[in-house]
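Step one of this worksheet: look at the structure below.
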Amino acid sequence: GTFKATTSDIRYTDIQNNAQGNAIRELAKRGIIFNTTTRLVQSHKQVNKLDIMTMIASAMDLSSNAKSKYMDLENAQHLKHAQGLLEAGIMSGATSSRFNPTAPITKQEAAIIIANMYRYLNQDLSKVYNELTSNYRDIANLTLEARQSIAILELFGVVDGTGAFNPTQTLSRGE
C-alpha cells in the first residue's frame, strides 16, 4: 500500500508551531485532514468515527464500489470509504448495518484502527507479536488486540510510550 500524496494549500490559523502543529500541517498538505472553510483545526474537538474513517481512507486512497450495508451513511463517498476500509480489515461499523458515524473514537479504538492499517500495509509486526511489550502501565487490563495495537503504535513511533495511554479517553483532533 501507499499513502496519498498531494499538495493542498490549506493554512490553519489555530495550530501551534510545534510537533503537533507540524503533523497537522503535513496531513493537511497531503489533503488528508480537516478541509474546513473556517481554517480552524479546533484541536480540542473529539474525533468521531466519520473523521477517522475519512482520514484513513483518504490517506490510503481506499474505497470500494461494492454496495455498502451501512444505512446511516448517506454520502456516496462515505459509503465507498467505509466499505473499502471494511474490505481491507482496517475498520468496521458498529454493526453490520450501522456505521455510527458520530460516535466518538477512544484512544484504544484509534490504536486498533491504526494498527490494522499497518497490518494491511504488510509491515513487519513480528517483534510486537513475539515480545508484546509496552511502556504504558494503564493498558494491562485491555484485550490482547488492544495491547498489541498500542505496542504496534509504539514500535512505529506513533506514540512515545511515556506516561499514561488513557485508553478509554476520547481522541482529540490534535492527538
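The values are calculated or read from the model by the stated rules, or taken from the named source; none is laboratory data. The shown structure was predicted, so the numbers you read here are calculated from the model rather than taken from an experiment. Glycine gets a Cβ as well: all are built from the backbone with ideal geometry, and neighbour counts include every protein chain shown. Remember, those area values only see protein heavy atoms, side chains included, never the ligands or the DNA or RNA. Shrake-Rupley method; radii C 1.70, N 1.55, O 1.52, S 1.80 Å.
Packing, as the average of other Cβ atoms within 10 Å across residues, places the peptides 72-79, 101-108 in the order 101-108, 72-79, highest first.
In Å², and per residue, what accessible area does the range 55-98 have when probed at 1.4 Å with the other protein chains present?
Value returned for the range 55-98: 54 Å² of accessible area per residue.
One chain, two ends: Thr143 and Lys45. Fully extended at 0.36 nm per residue, the span grows by 32.6 nm beyond their Cα-Cα distance. Close amide H partners of Ser172, meaning residues 5 or more places away or on another chain with modelled amide H under 5 Å apart, are Val47. Converting phi to 3J(HN,Hα) with the Karplus coefficients 6.51, -1.76 and 1.60 and the offset θ = phi - 60°, the range 65-70 yields 8, 5, 5, 7, 9, 6 Hz in sequence order, with x at every glycine or proline.
Taking label points 7 Å from Cα along the Cα-to-Cβ direction, Ala103 and Arg119 give a separation of 1.7 nm.
Per-residue Karplus couplings for the range 87-96, computed as 6.51 cos²θ - 1.76 cosθ + 1.60 with θ equal to phi - 60°, are listed in order as 5, 7, x, 8, 7, 10, x, 5, 9, 5 Hz, Gly and Pro entered as x. Distance cut-off 22 Å, Cα to Cα: go down the list Lys45/Lys69; Lys69/Lys107; Lys49/Lys107; Lys67/Lys107 and report the pairs above it. Checking Cα-Cα distances, Lys45/Lys69; Lys69/Lys107; Lys67/Lys107 exceed 22 Å. Ordering of 111-124, 142-155 by packing is 142-155, 111-124, highest average first (other Cβ atoms within 10 Å, averaged per residue). Ignoring ligands, DNA and RNA, what percent of the 1.4 Å accessible area of the range 99-152 is carbon and sulfur? Carbon and sulfur: 45 percent of the exposed surface of the range 99-152. When peptides 85-91, 130-136 are ranked by their average number of other Cβ atoms within 10 Å per residue, the highest-first order is 85-91, 130-136.
Working note: Karplus 6.51/-1.76/1.60 with θ = phi - 60° gives the range 153-159 the couplings 4, 5, 4, 8, x, 5, 10 Hz, where Gly and Pro are set to x.
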